[in-house]
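*Asks:* For reference, the structure I am asking about is given below.
Derivation of every value follows stated rules applied to the coordinates shown; laboratory data play no part. Note that this is a predicted model, so its numbers are computed, not measured. FYI the Cβ positions are ideal-geometry reconstructions off the backbone, even for glycines, and counts take in every protein chain you see.
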């Protein structure tokens, strides 16, 4: 297995997979706070459909690691009620595709009630699970929800790339007094990164992007699995003489607009990468923000690299075409540098 | 036949039911005057349900309902001023004017709303029960819905989890026989709502929701069952709303005679008043005093709801996120 070097020298950091990092993040917070519990389909006895909750039932028992029936709308609402009642639920969706069954409870009950109650009814809850495309699972199991949830005031939306970020941001999400949508990626679960802190007090603040690769010619924003593709593209671009700066958004809402603007003030060019659909996507929002905050610094229109505007096809060749590839990012960067 | 209740209890029950009735009548007036806007669902006719249930609750118990919620709040002891001022959208309202008729809450009184999406309060109430059990605080969640909500899928997801995990929740189906303009007969296959927990081994019973003592006794059985760790219980309250679904509903889907018959034969307050004077031998003076007191309280609530200022414009952008103990 390859270990992805994140170039973050720190002697306290260790290597592990995203899957293990998420598990450790939950376990540390459950040791720290007895009101934290995990519920979802197959999280306990099966150890998680994707083994993210491996071993948690053994350590914490069935009171705190709760297998639910297949009843997303119901258990999402139950989680919201438990949060109103003083607990800190972590609700796992086997995939975020199934959260569409529960989206009324997430938006109408979890996100809006603090406002509707004049500040009385906080809802400290984490909804987490794999988001976006995996591999050959078709249109109903490949959906990225970043834009959907980021649209809504009252929610925070986080989507980490590396194992270290996954752990530290999940811990922040669990401690956060608000509902947090925590978008993971199935394909990243098995990736190993060398950036995981083992300090149980180490958490990352939600809302800060990370410049994963500094550069001066073009800014590339990405989140989750697309960060890896953006980094790959940046390496290829370097050989073409284009020095790309890659920003890992990490948090979609709140979005770290300042970091993106600063980067664009330096590079004067921006490529946004996401695997979801183009219309009203995260790239659309970033493009609008750059028009508002960095218009005079742009030397080219913002370029959106997105998934194709189609339901995800099953056929291998079509699926490949529907998802942003490294080559698409390279072409986009060349285009905004007028080098195509 | 119900056991006789004490004079003190009767006076309190009469007070609480009449307060709801008079409050709602005033709310209707304020709506007509344009001081209350949007959706406003009145509880007139159903008063015995919430007052009967409330009479047997303990301080740690939690209450949640849908949007016909003014009665629940007043029965739970919330201040009529704060409720009325929320209806008029003023800063003195329970949600600072930002929630409205359907969205009010009181942590102090363990009232968890006030929810506008039909049926969505049911999983949330089941979650409150989950928290009671998790914290072992001996609390019971009183989760109310109407006959309209009783056909929502999430209700049955909740029944399943509540029974599976033996959660301390009493599901109250306030059957007023109309989900907006659609009668029970036109919306619901099957003869009843109290029996709909059978598939999950949830006991249920039908209750005359127009009779305070009947509600109270059934609620006591149900709450005792839940508090003892035996799991959920369903109570179908046979009741009736005198007004339309909301203020904009002229209720043409039912006859005037039907409404009048219920008012004459089953009114929960009129019949309770007769029970107080004839059976419990409570003096007219004592009853009259309650009626006079309520008049004052409701007028004060109206006055407060008119004079409390609108929320400051700065409130537009508050209470969106709780930054209390967030990680920074």
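*Asks:* Classify the stretch B:7-306 from the C-alpha gyration tensor, please: rounded if a/c falls under 1.5, else prolate or oblate depending on whether a/b exceeds b/c. Before the final figure, lay out the partial values.
*Replies:* Working: a/c = 1.33, a/b = 1.29, b/c = 1.03.
Cα axes put the stretch B:7-306 in the rounded bin.
*Asks:* Now, a different point. Cα centroids of the stretch B:65-119 and the stretch B:147-198: how far apart, whole angstrom?
*Replies:* 23 Å
*Asks:* While we're here: Per the Cauchy relation, a quarter of the hull surface: what is the mean projected area of the convex hull of the alpha carbons in chain A, in nm²? It would help to have the intermediate numbers written out before the result.
*Replies:* On the way: hull surface 67.7 nm².
For chain A, the mean projected area of the Cα convex hull comes to 16.9 nm².
*Asks:* Further, regarding this structure: Among DSSP beta bridges lying fully in the stretch A:164-259, give the percent that are antiparallel, nearest 5. Could the numbers behind the result be given before it?
*Replies:* Numbers: 3 of 8 bridges.
About 40 percent, rounded to the nearest 5.
*Asks:* Quick one: give the max-minus-min coordinate of the C-alpha atoms of the stretch B:73-122 along each principal axis, largest first, in Å.
*Replies:* Reported extents, whole Å, longest axis first: 28, 20, 14.
*Asks:* Take every DSSP beta bridge whose two residues both sit in the protein assembly as shown, then give the antiparallel share in percent to the nearest 5. Don't skip to the answer; put the middle values down first.
*Replies:* Values: 12 of 65 bridges.
Looking only at bridges with both residues in the protein assembly as shown, the antiparallel portion is about 20 percent.
*Asks:* As a check on your grasp of the helix formula, calculate [θ] at 222 nm for chain B: sum -39500 (n - 2.57) over DSSP H runs of n ≥ 4, divide by the residue count, round to the nearest 500. Spell out each step's value before the answer.
*Replies:* Working: 11 runs with 137 residues, N = 328.
Per the formula, -13000 deg cm²/dmol.
*Asks:* Another question about this same structure. Grab the DSSP H runs of chain A that are 4 residues or longer, score each as -39,500 (n - 2.57), total them, divide by all residues and round the 222 nm result to the nearest 500 deg cm²/dmol.
*Replies:* Details: 11 runs with 111 residues, N = 340.
The helix contribution divided over chain A gives -9500 deg cm²/dmol.
*Asks:* Residue separation times 0.36 nm, minus the C-alpha to C-alpha distance between residue A:335 and residue A:258: what's the value? Don't jump to the answer; show the numbers that get you there.
*Replies:* Details: separation 77, 0.36 × 77 = 27.72 nm, distance 2.43 nm.
Between residue A:335 and residue A:258, full extension yields 25.3 nm more.
*Asks:* Cut-off is 10 Å between beta-carbons; in what order do B:290, B:64 appear when sorted fewest neighbours first?
*Replies:* B:290, B:64
*Asks:* To continue, here is another question. Give the distance, in whole Å, between the Cα centre of the stretch A:282-302 and the Cα centre of the stretch A:158-207.
*Replies:* Using only Cα atoms to place each centre, the spacing works out to 28 Å.
*Asks:* Right, here's the next one. Among rounded, prolate and oblate, which fits the protein assembly as shown when a ≥ b ≥ c are the square roots of the eigenvalues of its C-alpha gyration tensor, a/c under 1.5 means rounded, and a/b larger than b/c means prolate? Working shown, then result.
*Replies:* Details: a/c = 2.52, a/b = 2.03, b/c = 1.24.
It is prolate, given that a/c is not under 1.5 and a/b is the larger ratio.
*Asks:* Take the alpha-carbon centre of the stretch A:79-151, take the same for the stretch B:235-262, and report the distance between them in whole Å.
*Replies:* First find each Cα centre; the distance between them is then 37 Å.
*Asks:* May I ask what percent, to the nearest 5, of DSSP beta bridges between residues of the stretch A:3-197 are antiparallel? Walk me through the numbers before you get to the answer.
*Replies:* Working: 4 of 25 bridges.
About 15 percent, rounded to the nearest 5.
*Asks:* Would you work out if the stretch A:43-169 is rounded, prolate or oblate? Take a ≥ b ≥ c from the square roots of the eigenvalues of the alpha-carbon gyration tensor; rounded if a/c is under 1.5, else prolate when a/b is larger than b/c, oblate otherwise. Write out the running numbers ahead of the final one.
*Replies:* Values: a/c = 1.58, a/b = 1.16, b/c = 1.36.
Judged from the Cα gyration tensor, the stretch A:43-169 comes out oblate (a/c at least 1.5, b/c at or above a/b).
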